Amino acid sequence: MPEDTKIGKTIRTFRPATQLVHAGTLRSSFGETSESLFLTQGFVYPNAEAAEARFKGEEPGFIYSRYANPTTDMFEKRMCALEGAEDARATASGMAAVAAAIICQVKAGDHVLAARAMFGSCRYIIETLLPRYGVDFTLIDGSKIENWQNAIRPNTKVLFLESPTNPTLEVIDISAVADVANSVGAKLIVDNVFATPLFQKPLELGAHIVVYSTTKHIDGQGRCLGGMILSDKAWIDENLHEYFRHTGPGLSPFNSWVMLKGLETLSVRVRQQTESAAKIADFLSSHSAISKVIYPGRADHPQADIISRQMKGGSTLLAFEVKGGKKAAFKFENALEVILISNNLGDSKSLITHPTTTTHKNLTDEARAELGISDGLLRLSVGLEDADDLIEDLDIALKASL
């Protein structure tokens, strides 16, 4: 449902495309049309009493850009309006968001439960970093709810999942996992990057915290790094606020401004990219050089029933497996002319990734096999090029891979 947002002089119920242009806007006395970029470290107080009041939290206002900044505040408020969250903190990258969201609420003796299908850096935080500080973890096949139920413990504090997952686009039942978290008073964190806030609302599905790499679709034009953590105000005040204030993972004002500009076109870009991705998935599904296609918008997706309940659209991404393993995958990538080889995603340019040798290379062969990441698997992030040009590019490259 559209959120109630103040735009201009009124509070009305606006739809996402309108929120993406207007929500959270602050204007100076100059009445600028585009959001202002406040490149400042500190702020001046009118008197000593005002400075004391701000530091006590008794008076609203900004103190230091490591804590909060007017441009970043606009970005956070606009994301809250889009996501349906009470509060948010913008971070320097998506991984800063994931790390902060987990670490700010755990201590030695706690347990973290996560779906094993996740980005390699997320696995590093859970498998390598947390145990150094006495936090235990369990990784499971997150597609089966009984695995969550069987692995939950009384000392489990955090459940973490991506849905759809990177890079195999597996979809997890967020509502069911949220119920498992609630059974022991734990918090469910959902990385919602692949779905975008336009196609999936984890908080509405019962999740407690949502994280984004805003580097991806939200900037969406290959310019800046960024991240976002969204939740209810009580959780942020009790867990994230002091961690964020004292460890300094905040997003720069300039990058916040770029993200604000990206949000204005998010709806148009993502819908076009998703339409093209669906067309490309249909093309690849019948190609003789392809052994498997995974796309959330197709009826043959393994979790199609869950997708129909919790997602409003497919994705700008798809995964497919070329016949012939790594050798064929490399020949295919090297023959592409329009689609670029890159480990990024959600860009206006179409990008192809070979996870086995890039984003997921640090996993063991056994771990990749468990996740379905074969030597022939490729992840395609569909951009804004003409879909027919992309299909022609893929067809020529696939023929070269044989």
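Of all residues in segment 25-46, count the ones that are of a type in the set (Ser, Thr, Tyr), more than 22 Å from Met259 (Cα to Cα) and either surrounded by fewer than 12 Cβ atoms within 10 Å (Cβ to Cβ) or touching a His at 6+ places or on another chain (Cβ under 9 Å) (or both).
1
With respect to the conditions (1) open to solvent by 30 Å² or more (accessible area, probe 1.4 Å); (2) under 20 Å from the mean Cα position of the chain (by Cα); (3) not charged (D, E, K, R), Ser286 falls short on a single one, namely (2). Is it true that Asp179 is among the charged types (D, E, K, R) and over 16 Å from Ala101 (Cβ atoms)? Answer is yes for this residue.
Tally up the residues in segment 365-383 that are within 22 Å of Val338 (Cβ to Cβ) and at pLDDT below 90, please. Before you say what the answer is, go through the steps one by one.
Initial filter on segment 365-383 (within 22 Å of Val338 (Cβ to Cβ)): 376-383.
Next, only the ones that are at pLDDT below 90 stay: none.
The qualifying residues number 0.
Considering only segment 194-207, how many residues are assigned to a loop (DSSP other than H, G, I, E, B), surrounded by fewer than 24 Cβ atoms within 10 Å (Cβ to Cβ) and touching a helix residue (DSSP H, G or I) at 6+ places or on another chain (Cβ under 8 Å)? Count: 4.
Starting from residues that are in a loop (DSSP other than H, G, I, E, B) and more than 12 Å from Gln221 (Cα to Cα), keep the ones in segment 348-364 and report whichever is modelled with the highest pLDDT. Don't jump to the end; show me each part of the working.
Our first condition is that a residue be in a loop (DSSP other than H, G, I, E, B); within segment 348-364, this holds for 348-350, 354, 358-364.
Add one more test, that the residue is more than 12 Å from Gln221 (Cα to Cα), and what stays is 354, 358-364.
Values: His354: 97, Thr358: 94, Thr359: 89, His360: 91, Lys361: 89, Asn362: 86, Leu363: 86, Thr364: 88.
Only one residue fits best here, namely His354.
Only residues that are crowded, with 18+ Cβ neighbours inside 10 Å and outside any strand (DSSP E or B) were counted across segment 316-347, and they come to 10. Against the definition (part of a helix (DSSP H, G or I), over 19 Å from Ala90 (Cβ atoms) and open to solvent by 10 Å² or more (accessible area, probe 1.4 Å)), how does Arg245 come out, yes or no? Here the answer is no, as Arg245 does not meet what is asked. Cβ-Cβ contacts under 7 Å between residues 6 or more apart (or on different chains), taken from a first residue in segment 32-56 that is over 20 Å from Phe75 (Cβ atoms) to a second residue that is aromatic (Phe, Trp, Tyr), are listed as Ala51/Tyr45; Arg54/Tyr45. Only one of the listed residues (Ile145, Ile218) is within 30 Å of Phe320 (Cβ to Cβ), aliphatic (A, V, I, L, M) and surrounded by 24 or more Cβ atoms within 10 Å (Cβ to Cβ). That residue is Ile218.
Residues that are of a type outside the set (D, E, K, R) and open to solvent by 20 Å² or more (accessible area, probe 1.4 Å) were ranked within segment 100-119; the one that is modelled with the lowest pLDDT is Phe119.
The residues of segment 100-132 that are out of contact with any Leu (no Cβ under 9 Å at 6 or more places or on another chain), under 25 Å from Pro164 (Cβ atoms) and either free of Cβ contacts under 8 Å to residues at least 60 places away in the same chain or polar (S, T, N, Q) (or both), listed by number, are Ser121, Ile125, Thr128, Leu129, Leu130. Could you tell me whether Lys327 is without any contact (Cβ under 8 Å) to a residue 12 or more places away in the chain and of a type outside the set (Gly, Ala, Ser)? In short, yes.
Exactly one residue among Gly297, Gly262 is in a loop (DSSP other than H, G, I, E, B) and buried (at least 16 other Cβ atoms within 10 Å of the Cβ), and that residue is Gly297.
Applying the set (1) over 18 Å from Ser93 (Cβ atoms); (2) charged (D, E, K, R); (3) in a helix (DSSP H, G or I); (4) in contact (Cβ under 8 Å) with a residue 12 or more places away in the chain to Glu238 leaves exactly one unmet item: (4). Residues of segment 157-180 that are crowded, with 24+ Cβ neighbours inside 10 Å, over 14 Å from the mean Cα position of the chain (by Cα) and assigned to a strand (DSSP E or B): Val158, Leu159.
Screening segment 300-310 for residues that are under 16 Å from Gly142 (Cβ atoms) and assigned to a loop (DSSP other than H, G, I, E, B) and picking the one that is least open to solvent (accessible area, probe 1.4 Å) gives His301.
For segment 20-43, give me each residue that is at negative phi and out of contact with any helix residue (DSSP H, G or I) (no Cβ under 7 Å at 6 or more places or on another chain).
His22, Arg27, Ser28, Ser29, Phe30, Glu32, Thr33, Ser34, Thr40, Gln41, Gly42, Phe43
The values are calculated or read from the model by the stated rules, or taken from the named source; none is laboratory data. This is a predicted model, so every value here is computed, not measured. Heads up, the Cβs are rebuilt from the backbone with ideal geometry, glycines too, and the neighbour counts pull from every protein chain shown. These area figures cover heavy atoms from the full protein model, side chains too; ligands, DNA and RNA do not enter into them. Shrake-Rupley method; radii C 1.70, N 1.55, O 1.52, S 1.80 Å.
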